[in-house]
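Visitor: Have a look at the structure that comes next, please.
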Amino acid sequence: MSNCNILVVETDEAVREMLELVLEQANFSPKSVDNVLHAQYLLDNKFYDLILLDWRFNGGAGVEWAMRLKKDPIYKDIPIVFLIARGEEDFIINSLDVGADDYITKPFSPKELVARLRVALLRRGKNQQLAQVKLGDIILDTDQHRFCIGDKWLDVGPTRFKIMHFFMTHPDKVFTRDQLLDHIWGRRVYVEERTVDVHIRRLRKSLDEIGRADLVQTVRGHGYRFSLAA
């Protein structure tokens, strides 16, 4: 469980620094920010194994953000652990109602923090799909949310990873934008068709870093196909 990526969202600089130090000493890889917009940007561009979020962040903005994440099929499986100040125990039930996986009451000991995070990560691990998907010289690792082509590893954001996972489990088939929206985002989430094009373009850009952008092919008038055959 070492090197798990932890996203810390906390306005207090001193608390952020303390959390980063504790998490690094526990062999996690933390990244801390002081606002939700920055946190969402990071989440869109890199996979995080867990989010540690201040409950009272910016007058409720953190809670609203957590609720949006739990309703989004791209992010809903990422554990969220709330930091709750002592005296705010009444918010504990509310935190679980909005989808939090756990909570930690301030002040807390470093050992308690690390233990709670490990439990939340283990719960997530029990629901993981098969750890690796292999296709030709491509290995997709669902534990670390990255994939390897040949001997080169690529780290991508959660949306691109989910698209890659879907393509690798459905090779050589043509999918329309509507079909990709249904399979990857879900029918209950409204996303415009052009969003598919944007994320496909980003995936190709990542693949182009190792000269394999041709893996994702445009089928004119129909949609997209993933194939090892150029």
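Bear in mind these aren't lab numbers, they're just calculated from the coordinates by the rules spelled out. Since the model is a prediction, treat every value here as computed from it, not as a measurement. Every residue, glycine among them, receives a Cβ derived from its backbone with ideal geometry; neighbour counts consider all protein chains shown.
Visitor: Hey, which of these cross-link pairs are over 27 Å Cα-Cα: LYS46/LYS70; LYS111/LYS152; LYS46/LYS152; LYS134/LYS173; LYS70/LYS162?
Guide: LYS111/LYS152
Visitor: Quick one: which residues, 5 or more positions from CYS4 or on another chain, have an amide H under 5 Å from its amide H? H modelled 1.01 Å from N in the peptide plane, none for Pro or chain starts.
Guide: It is SER29, by chain and number.
Visitor: While we're here: Can you tell me how much longer the chain between HIS183 and THR142 gets when fully stretched, taken as 0.36 nm per residue apart minus their C-alpha distance, in nm with one decimal? Kindly include the intermediate steps, with their values, before the conclusion.
Guide: Working: separation 41, 0.36 × 41 = 14.76 nm, distance 1.73 nm.
Stretched out fully, the HIS183 to THR142 stretch lengthens by 13.0 nm.
Visitor: What spacing in nm lies between the two simple spin-label points modelled at GLU193 and LYS31, each 7 Å away from Cα in the Cβ direction?
Guide: 3.3
Visitor: For region 132-226, take N as its residue count and report Rg(C-alpha) divided by 2.2 N^0.38 Å.
Guide: On the way: Rg = 12.7 Å, N = 95, 2.2 N^0.38 = 12.4 Å.
The value comes to 1.02.
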